[in-house]
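The values are calculated or read from the model by the stated rules, or taken from the named source; none is laboratory data. As the structure is a computational prediction, the values presented were derived from the model and not from experiment. Reconstructed Cβ throughout: ideal geometry from the backbone, glycine too, with neighbour counts over all protein chains shown. Remember, those area values only see protein heavy atoms, side chains included, never the ligands or the DNA or RNA. Shrake-Rupley method; radii C 1.70, N 1.55, O 1.52, S 1.80 Å.
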Amino acid sequence: MVKIKIIQDIKELDWLEIFLGYKCNYKCLFCFENKLRFHEKTNIVEDTMKLITDWYNLWKKFIIFSWGEPTLYKDLYLYVTFSKKIWYEKILIHTNWTQTCNFDYLLKLHKSRLTGIIFSYHWYW
């Protein structure tokens with residue numbers, strides 16, 4: 001009975017945010033992940049794709065890719081494209097701005113069906 005209640009409660013949530021890892025190209029003084037920004041999680045593609053699918057199956061329509069700097073992950077296009085393919089309505093990245101200043105990069109993200117960008121930039125290097 002408890003499991004059914006938890007599933008019902010999860011279905012009431014509106015969105016999913018996936019932290020891709022610590023990798024970051026900034027050196028913000030306030031960052032509590034400071035030393036971890038040089039470490040990249042490995043073999044996260046399969047787990048990330050499963051998470052995207054599982055949460056969509058719970059009728060989530062809104063997904064955000066964030067943490068560290070998601071645009072530094074080569075598989076970001078794959079996640080965005082896959083999310084759109086299985087019909088997420090809103091697909092956003094939470095970025096520190098630097099990669100998206102590159103017009104070609106931004107265009108490639110847009111073509112992969114990204115629907116929004118959350119900018120978070122801090123000039124504390």
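So which of I93, I64 ends up being open to solvent by less than 80 Å² (accessible area, probe 1.4 Å), at negative phi and in contact with a helix residue (DSSP H, G or I) (Cβ under 6 Å, 6 or more places away or on another chain)?
Answer to the check: I93.
Criterion first (surrounded by fewer than 12 Cβ atoms within 10 Å (Cβ to Cβ) and part of a loop (DSSP other than H, G, I, E, B)) does W87 satisfy it?
yes
I'd like the full set of residues that are under 14 Å from C24 (Cβ atoms) and either small (G, A, S) or at pLDDT below 85 (or both), limited to segment 84-125.
N96, W97, T98, Q99, S120, Y121, H122, Y124, W125, listed by residue number.
Can you name every residue in segment 14-36 that is acidic (D, E), touching a strand residue (DSSP E or B) at 6+ places or on another chain (Cβ under 9 Å) and either within 16 Å of S66 (Cα to Cα) or at pLDDT below 70 (or both)?
E17
Is it the case that K60 is part of a loop (DSSP other than H, G, I, E, B) and of a type in the set (D, E, K, R)?
Yes: the conditions hold for K60.
Test T42 against the criterion of being modelled with pLDDT of 85 or more and out of contact with any Pro (no Cβ under 7 Å at 6 or more places or on another chain), and give yes or no.
no
May I ask you to verify whether F82 is outside any helix (DSSP H, G or I), among the hydrophobic types (A, V, I, L, M, F, W, C) and either touching a helix residue (DSSP H, G or I) at 6+ places or on another chain (Cβ under 6 Å) or buried (at least 18 other Cβ atoms within 10 Å of the Cβ) (or both)?
When the stated conditions are applied, F82 does not pass them.
Looking at (1) aliphatic (A, V, I, L, M); (2) more than 9 Å from the chain's Cα centre (by Cα); (3) at pLDDT 90 or above, which is the one condition that is false for L72?
(3)
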